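Notes follow once the structure below has been shown.
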2 protein chains.
Amino acid sequence: MSAYHPLSAEEAIQLARSIPGRFPEHAELECREIGDGNLNLVFHVTAKNTADSIIIKQAVPYAKVVGESWPLSLDRARIERLALETEHKICPELVPEVYGYSDELAYTVMEDLSEYTIMRRGLIEGQAYPKFAEHIGEFLARTLFYTSDLGMNQQEKKVLAGQFVNPDLCKITEDLIFEDPYRKSDNNNYSEAIEDEAEALRSDTELHFEVTLLRHKFLTQAQALLHGDLHTGSIFVKPDSTKVIDPEFAFFGPMGFDIGAVIGNLLLNYASQIGWSSDEQTRAAREARLIEMARGVWTHFESGFRLLWNEGLQDEMSRTAGYQDYYISQILKDTAGFAGCKMIRRIVGLSHVADIDTIPGDKGREAAQRKALAIGKSLVRHHRSIQSIDDIVTLVEQASQGNEVSI
Amino acid sequence: MSAYHPLSAEEAIQLARSIPGRFPEHAELECREIGDGNLNLVFHVTAKNTADSIIIKQAVPYAKVVGESWPLSLDRARIERLALETEHKICPELVPEVYGYSDELAYTVMEDLSEYTIMRRGLIEGQAYPKFAEHIGEFLARTLFYTSDLGMNQQEKKVLAGQFVNPDLCKITEDLIFEDPYRKSDNNNYSEAIEDEAEALRSDTELHFEVTLLRHKFLTQAQALLHGDLHTGSIFVKPDSTKVIDPEFAFFGPMGFDIGAVIGNLLLNYASQIGWSSDEQTRAAREARLIEMARGVWTHFESGFRLLWNEGLQDEMSRTAGYQDYYISQILKDTAGFAGCKMIRRIVGLSHVADIDTIPGDKGREAAQRKALAIGKSLVRHHRSIQSIDDIVTLVEQASQGNEVSI
C-alpha cells in the first residue's frame, strides 16, 4: 500500500525541521496551509520571531475545477520537483530552490517567496515591472536552449525527456486549449452574451486547421523542456526580481508554447484594459506598456537565445549558415500561434483569467472578451506568416481596432 | 551483479525447450549459432526430423563495425523485443512472433524465418517481389498510424514513447546519417576515386541546411513508433510473404524516416544496376521495376494510411477539412529527404550496402556510387518542394541522367 496521505500541519513542521540549515535548532515553528485547495496543499512554515521560512507543497490526488473533481496522478509532484531542480540549475536567480522532497508523499520543500506578488495580480493592479521582460526572456532563452538538442548532450536529453512523460497534465492542455474551445463541450464556460463568438469558433474551419497544426506540434515536437503552464499566475514578481513557479505541466514540447504562454497572458491583460480604465490616458499608457512588455519578452528571449547558440552550441550541424535564423523564425511563428490559442481558451474554455473575469461591469467585461478573442484568433490564423515581433504587434493592434488584418 | 552472460548452445536448447507448445516433449533439439557476430548472437534451434524451429537472438554488449568495437547498451534487446511485440500486434502477418524473452539476459525467442530471403540479397540477385510494395506499404501505414496521435490514445502514446527512449541506437543514426557524411570523420569510408564527391558533400552549405532540418526532425519529432532501421537488410521476403525484422533502432520519430529508409534502399539498388547488368535491356527492365516498387511503397502506404485515418481516427481536431492532405504531404516531403540522407551515407559513410559494394568492377562500382549520390543529394536538396510521388520519380530520373534537376 502506498504511504501517501495528506500531510498534517504537525507533520509539515517536523518535515521543515528535518531540512538541514533552514531553521535554528530550537526555533519555534508555525505552520499555515495557504493553498487554494484545488490541486495542492501548500504549507507555509515560519520560525517565530525570525525571517526564516519555507514552503512545503504537496499534491492531492485530484483536481478541483469549477466544482468538478478530476483524478490526477500524484506523479505530477515528481515532475514539478524535477522541473524546478532542472530550471534552478539553469537559472538559479529565477526559480525557487528545492530543499527536499518525497516522490511517495508527493511533496516538495522549497524556498518561500511570500514577499513576492503573483504577476497577474500585479498587472491587474496596474503595476509596472520594468525588469520583467528581461528576466522572463532570460528564463526562456536559458531553459529552452539548455534542455534542447542545441544546448545539451543529445543522448542525455532523450533520457531526461523520458523522465518528463506527463500524460495527465498534457491531456488537460490538449483538451482545454486545443480542442474544447472549437466544439461543444461541457468543459466550456462563457456567458450567453458571447454565444455568437463561441459559435463562430466552432464553425471556423480555417481556424481549426491552424489550431490542429499547433495541436500536432504540442503532441509531437519534443524540442525542449517546457514549463508547460507559463501564464502570469505562475510567475512571482517583485520590482527587482522574478521567479517562475509551478512547473507541474512540464514536458518536452515546442519552445513557442512557453513563450506564447507569457505573451498571450500579457495580451489578455492588454485586452482587459478596456474594461478597467475609465481614464483614456491611463488606459492608453497601460496598453502601450503591455505591448512593450510582450515585445520585450520576445526580444530578450531572442537575443539571449542567439548568444547562447553562438557561444554554447552542442550540435555541429546546426552551425550551418542560415539555420539559426530559420530556427528562431519558426519559434516566433509557433509563439504567435500558441499565444493565440491560450487567449481564446481563457475566454470560452473552462479556466479563465482574473484580468478579464473580475472586470466589474458586464459591458466592459464583454468588450474585453471580444477583444481578446479577436487578437487570439488573428494570431492563430496568421501565425505561419509572421516574420518578426513587429508583425505580432501589428496583428494585435489591428485586431484590437476591429480592422481587417494584414501582415 | 548482472546475470548477463552470452548464452551457450546448450542453454539456448534448454531455453527453447521451455517455450510452451513450440516442440514435441521429447524432441531431440539441435542448435547452431548463425549470427554474424557484430551485434548479436543468433541461435537457430531445430527439432531433428521435424520442421519445428525457433530463433533465439541475444544482444552482446558491444558493436563490431569494420573492426572497431563500440560499447552498446543491452537495453536494445528490450527495445527490439517490445517493438516486435508492438508491431506484431498491429501487423501479425508481417512481423515475426515473439515467444519469450529475458530483458536481463537480453534475449528474445522468436519465430524462425529461415525459409525467407533477405530482401537486399534477393534484389541483388535480380529477383522481383511483386507483393513487396503492398506488404511494406501496409506495414508502414498500420504501424505508423496506430502508434501515432492519430490512431492511438494520446496519453498511452506518451507512456509508450517513454519505453522507447533509445539514446544509444539513435546516436548511431544521428552520427552516421546526419553528420559524418558532411564533415571529415574517421567514421567515413569511401574510395579515393570519389574524394571529389566527398569533398563536395563537406562544402555544400545549402545541402547541409536541408540535412540539418531533417536531423532536427529526427531529433525532436515524436510522431510515431518507427522501426528506425528499415533498410532492405531488415526485411525478409518470400514471393508471397514479407516479414520485417530487427527493430532495435525503434523509437518515436518522424514517419518519413521509415518510409524514406525503404525507398532510399530501393533506390540504392536502382543506382547499382549500372554496375551489374551488362545487358542494356535487362538493366532497363530492372531499373523500371525498382522505380515502380519505390512508387508502390508510397502509394500503398498512402492509400492504407488514408483508409485507417478515415475509419479509425482518434483525434477529433484532425478531422478538420484539408488536414489529412496536409499531413500526408508533409510525410512525403520527409520521406524524400530521409531517403536521400540514407542514400548519401551508404556511399561515403561508415556502413555501406552490398548492392553497390559488391559490384565486381571498379568503374561500374564508382558509377553506381556517383549515381546514388546524385539521386540522394537531389532528394535532400528538393525535399521541401516535393508534392507528389511523381515528383520524386522525376527527381530520381533527372539526377540519374546527370540532368539539371527541376520539379
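Some points to look at:
- The combined condition, being farther than 30 Å from A:Ala128 by Cα, modelled with pLDDT of 95 or more and out of contact with any helix residue (DSSP H, G or I) (no Cβ under 6 Å at 6 or more places or on another chain), is fulfilled by A:Leu160.
- Residues of the stretch A:296-327 that are surrounded by 17 or more Cβ atoms within 10 Å (Cβ to Cβ), among the β-branched types (Val, Ile, Thr) and in contact (Cβ under 8 Å) with a residue 24 or more places away in the chain: A:Val297 alone.
- Per-region count, the stretch B:138-149, residues more than 9 Å from chain A (Cβ to nearest Cβ) and either crowded, with 23+ Cβ neighbours inside 10 Å or more than 21 Å from B:Asn265 (Cα to Cα) (or both): 8
- Single match in A:Gly264, A:Gly256 (criterion: within 20 Å of A:His352 (Cβ to Cβ) and either in contact (Cβ under 8 Å) with a residue 24 or more places away in the chain or among the acidic types (Asp, Glu) (or both)): A:Gly264
- Residues within the stretch A:294-323 that are of a type in the set (Val, Ile, Thr) and more than 14 Å from chain B (Cβ to nearest Cβ), tallied: 2
- Residue count, the stretch B:170-199 (criterion: more than 10 Å from chain A (Cβ to nearest Cβ), of a type in the set (A, V, I, L, M, F, W, C) and assigned to a helix (DSSP H, G or I)): 5
- Scan of the stretch A:18-64 for residues that are touching a Gly at 6+ places or on another chain (Cβ under 6 Å) and either free of Cβ contacts under 8 Å to residues at least 40 places away in the same chain or closer than 21 Å to A:Tyr116 by Cα (or both), ordered by number: A:Leu41, A:Val42
- Odd one out for B:Val66 among (1) under 17 Å from B:Val98 (Cα atoms); (2) at pLDDT below 95; (3) under 29 Å from the mean Cα position of the chain (by Cα): (1)
- All positions within the stretch B:179-211 that are within 17 Å of B:Ser351 (Cβ to Cβ) and in contact (Cβ under 8 Å) with a residue 60 or more places away in the chain: B:Asp180, B:Pro181, B:Asn187, B:Asn188, B:Asn189, B:Tyr190, B:Ser191, B:Ile194, B:Ala198, B:Leu201
- Scanning the stretch A:51-63 for residues that are surrounded by fewer than 18 Cβ atoms within 10 Å (Cβ to Cβ) and at pLDDT below 85 yields a total of 1.
A quick yes/no check of all residues on (1) touching a Gly at 6+ places or on another chain (Cβ under 7 Å); (2) at pLDDT 95 or above; (3) not assigned by TED's automatic domain parsing to the domain that holds A:Cys341:
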position	(1), (2), (3)
A:His208	no, yes, no
A:Asp229	no, yes, no
A:Lys238	no, no, no
A:Ser241	no, yes, no
A:Asp246	no, yes, no
A:Phe251	yes, yes, no
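- Unmet requirement for B:His208, which otherwise passes all of (1) assigned to a helix (DSSP H, G or I); (2) under 30 Å from B:Gly364 (Cα atoms); (3) away from every other protein chain (no Cβ under 14 Å): (3)
- Residue selection: B:Glu199 fails the criterion of being modelled with pLDDT of 95 or more, surrounded by fewer than 21 Cβ atoms within 10 Å (Cβ to Cβ) and either touching a helix residue (DSSP H, G or I) at 6+ places or on another chain (Cβ under 9 Å) or not assigned by TED's automatic domain parsing to the domain that holds B:Glu134 (or both).
- Restricting the stretch A:242-277 to residues that are polar (S, T, N, Q) and closer than 30 Å to A:Asp75 by Cα, the residue that is nearest to the chain's Cα centre (by Cα): A:Asn265
- Top-ranked residue in the stretch A:220-241 [being in contact with an Asp or Glu (Cβ under 7 Å, 6 or more places away or on another chain) and not polar (S, T, N, Q); ranked as nearest to the other protein chains (Cβ to nearest Cβ)]: A:Leu226
- Test: residue in the stretch B:116-129 that is touching a Pro at 6+ places or on another chain (Cβ under 9 Å), surrounded by 20 or more Cβ atoms within 10 Å (Cβ to Cβ) and either in a loop (DSSP other than H, G, I, E, B) or touching a residue at least 24 places away in the same chain (Cβ under 8 Å) (or both): yes
- Within the stretch A:153-169, considering residues that are surrounded by 15 or more Cβ atoms within 10 Å (Cβ to Cβ) and in a loop (DSSP other than H, G, I, E, B), the one nearest to the other protein chains (Cβ to nearest Cβ): A:Val165
The values are calculated or read from the model by the stated rules, or taken from the named source; none is laboratory data. Remember, it's a predicted structure, so these values are computed and weren't measured experimentally. Here the Cβ is made from the backbone with ideal geometry for all residues, glycine too, and neighbour counts use every protein chain on show.
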